[in-house]
Structure formats: C-alpha cells, structure tokens
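Report on one structure; see the data block that follows.
The values are calculated or read from the model by the stated rules, or taken from the named source; none is laboratory data. Nothing here was measured: the structure is a model prediction, and the numbers come from that model. No Cβ is skipped: glycine too gets one built from the backbone with ideal geometry, and neighbour counts run over all protein chains shown. Surface accessibility is based on the protein's heavy atoms, side chains included, excluding ligands, DNA and RNA. Shrake-Rupley method; radii C 1.70, N 1.55, O 1.52, S 1.80 Å.
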Amino acid sequence: MKTVSRGFASLAIATLMLSGCSSSSHAPDLAENSPDESTVSEEDSHEDSTAGEVADGERASIMGTVRVNDLTTYAITEVRNCEPLNDGTIERELELQGFGEHDGERIQIDVYKQMVAGSAGNEVSWSGPEGVFGSSGVANITWGSGDANVLGSSEMVDSMTQTERLMIGFDLQVPVETVPCR
C-alpha cells in the first residue's frame, strides 16, 4: 500500500513540475487525445460550455466540475437544487445533487451546506471510478459570485472500509428553482 501511495505522490509531483515548466500559454486539449469526454482539463471547464455525449448525439452542458486528488477532473452535466431539509436538528441552507458520466458509468456528487445542532456540519459525498466516499470532517463550502455557484473541497474517506482517503474540489452551478429530492 505504501508503494502505491509513493507512486501517486511521485506522479503528482511530476505533474505539478511539468505543468509549471510549460512555456506555452495554452495547455493541450486533452479531450482530443482521450476518447473519454467526461474528464476535462481545468481550462476546458472554464472555457468550454459543453462536454460528454448524450443519447441523441447532442452535447450536454457542463454545470460544474469535480476534481479528484488534483489529478482528474470530471464534468457534471446535471445539477439538482433540492428543497433544503429543516427538521429542528439539521438546518440546510443548500442541498445539491450533481450527476455526470464517466466511461458509461454514472458519477455523482452530493453537497450539503448545513448547520447541525447549531454548528457547521457541511458534508460532501462522491461516487465515481474511485469508489464511494464521504466527508471525513466538516467540508469547506462557500458561495461563488452572486450565489450562482458553490465552491468547495473536502477530504474524503471511503464508505466501505473507512481506510482510503482522497481530496476533492468542486465548482457547481446552483439552479434557481428547487425540486423535491426526498
């Protein structure tokens, strides 16, 4: 297990060094070199408003991105703004469900900006190729400009064994209308 962790750390360091050494002001378009359009580069997530194939051949709009361990960025093509839960103990300010697709499989992020018994209790959950993960502590979640999007990050722990960890960062659009999700 330590060898795998060292390998990932070495890969991350090499990636950071290579990206900092580039003399070009424009990174190569990774989507052209990869048949998987659900992963996008950081530049693509801000400049290109479409990614991912949908059944009728049209391109789906990108409603956000999820970045895992600063190595892979996934496109989120559907976001639901759920009616917030307020049950006396949990007071949710925001509950988002984000969906996308990677290699034909569904990916999902859930974001909860909330107070639990009067204390910050923000949470994030992630289901993707890496597995199913939940926040290991209080997630960092903030509103973007004009409350049109939400940004955040969280250290995650795998739901099955509670031993594997990863970091995610996200930027999701917040739909104006809320929908019932429960």
query: Considering only strands (runs of 3 or more DSSP E) fully contained in the stretch 58-171, which possess at least 2 residues that are modelled with pLDDT under 95 and surrounded by fewer than 20 Cβ atoms within 10 Å (Cβ to Cβ)?
result: 59-61, 90-102, 105-116
task: Could you please tell me which pairs satisfy a Cβ distance under 6 Å, a separation of 6+ or placement on different chains, a first residue in the stretch 68-97 that is free of Cβ contacts under 8 Å to residues at least 24 places away in the same chain and among the charged types (D, E, K, R), and a second residue that is open to solvent by 20 Å² or more (accessible area, probe 1.4 Å) and assigned to a loop (DSSP other than H, G, I, E, B)?
output: Arg92/Pro84; Arg92/Leu85
